[in-house]
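> One structure is given below, represented as structure tokens, and several questions about it will come after.
The values are calculated or read from the model by the stated rules, or taken from the named source; none is laboratory data. Keep in mind that this is a model prediction, so the values were computed, not measured. Positions of Cβ are generated from backbone atoms using ideal geometry, with glycine treated the same way; all protein chains shown enter the neighbour counts.
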Amino acid sequence: MSEKTILVSACLLGTPCRYDGKSKPNTAVKAFLKASHARVIPICPEVMGGLVTPRPPAEIQPDGRVMTQSGLDVTAAYDQGAEKVLQLAQKEGANLVILQAKSPSCGVSSRYDGSFTKTLVKAPGVTARLLKDHGIQLLEPQDLGGKNLFERKL
Ligand code: SF4
């Protein structure tokens, strides 16, 4: 059987690549990856898109652009990061991508609505949407409650 490959939001593994210069290590994700015996490739679409860390927080606006609160349009960087993650996932034959929740790049089931008021909408981030449109299986940390999920879903 060929080796399984999982791409993972790097901040979930402890890399301090978030907009605020911090990480978001997740024990459930780490345990899941350990149990899966998969090859793990960390990704951060915002850094891969050329953005620095720390960086101003940004949100997807109702018109689809990604803007910082001060009005800087960072859509191109978000799109570029998403494309790079897609290319990497395809090149490496990823079976699964685990993405951090609520992020304007990585959020799978929800993200903030663009008003910078911590209001969530049920819509994906830029990278999650692109990967989903290409048929790549996505999970968020909150999906990892079940045992042997990897085997069951693939
Ligand atoms: Fe984490 Fe994704 Fe944000 Fe990078 S873009 S810091 S991987 S949530």
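> Taking residue 70 as the residue in question, decide whether it is of a type in the set (S, T, N, Q), within 11 Å of the ligand (Cβ to nearest atom) and part of a loop (DSSP other than H, G, I, E, B).
Against the criterion (of a type in the set (S, T, N, Q), within 11 Å of the ligand (Cβ to nearest atom) and part of a loop (DSSP other than H, G, I, E, B)), residue 70 does not qualify.
> Picking from 23, 70, 36, which residue would you name as being in contact (Cβ under 8 Å) with a residue 12 or more places away in the chain, farther than 22 Å from residue 117 by Cα and of a type in the set (Ser, Thr, Tyr)?
Result: 36 is the single residue among 23, 70, 36 that is in contact (Cβ under 8 Å) with a residue 12 or more places away in the chain, farther than 22 Å from residue 117 by Cα and of a type in the set (Ser, Thr, Tyr).
> Only one of 77, 101, 82 is buried (at least 16 other Cβ atoms within 10 Å of the Cβ), of a type in the set (Gly, Ala, Ser) and without any contact (Cβ under 8 Å) to a residue 40 or more places away in the chain. Can you tell me which?
Sole residue among the options that is buried (at least 16 other Cβ atoms within 10 Å of the Cβ), of a type in the set (Gly, Ala, Ser) and without any contact (Cβ under 8 Å) to a residue 40 or more places away in the chain: 77.
> Please pick out the residue among 17, 11 that is hydrophobic (A, V, I, L, M, F, W, C), closer than 19 Å to residue 78 by Cα and touching a residue at least 60 places away in the same chain (Cβ under 8 Å).
Selected residue: 11, the only one of 17, 11 that is hydrophobic (A, V, I, L, M, F, W, C), closer than 19 Å to residue 78 by Cα and touching a residue at least 60 places away in the same chain (Cβ under 8 Å).
> Just to be sure, is residue 103 of a type in the set (Gly, Ala, Ser) and closer than 25 Å to residue 115 by Cβ?
yes
> Now for a separate question. Residues 132, 122, 118: which one is touching a strand residue (DSSP E or B) at 6+ places or on another chain (Cβ under 7 Å) and over 23 Å from residue 20 (Cα atoms)?
132
> Based on what the data block shows, is residue 43 under 21 Å from residue 124 (Cα atoms), within 13 Å of the ligand (Cβ to nearest atom) and β-branched (Val, Ile, Thr)?
When the stated conditions are applied, residue 43 passes them.
> Residues to consider are 101, 35, 89; find the one that is at pLDDT below 95, among the small types (Gly, Ala, Ser) and closer than 23 Å to residue 142 by Cα.
Among 101, 35, 89, only 35 is at pLDDT below 95, among the small types (Gly, Ala, Ser) and closer than 23 Å to residue 142 by Cα.
> I'd like the full set of residues that are closer than 14 Å to residue 66 by Cα, more than 9 Å from the chain's Cα centre (by Cα) and surrounded by 16 or more Cβ atoms within 10 Å (Cβ to Cβ), limited to the range 104-122.
111, 112, 113, 114
> Then there is this: What's the number of the condition residue 52 fails, among (1) of a type in the set (A, V, I, L, M, F, W, C); (2) under 21 Å from residue 22 (Cα atoms); (3) surrounded by 15 or more Cβ atoms within 10 Å (Cβ to Cβ); (4) more than 11 Å from the ligand (Cβ to nearest atom)?
(3)
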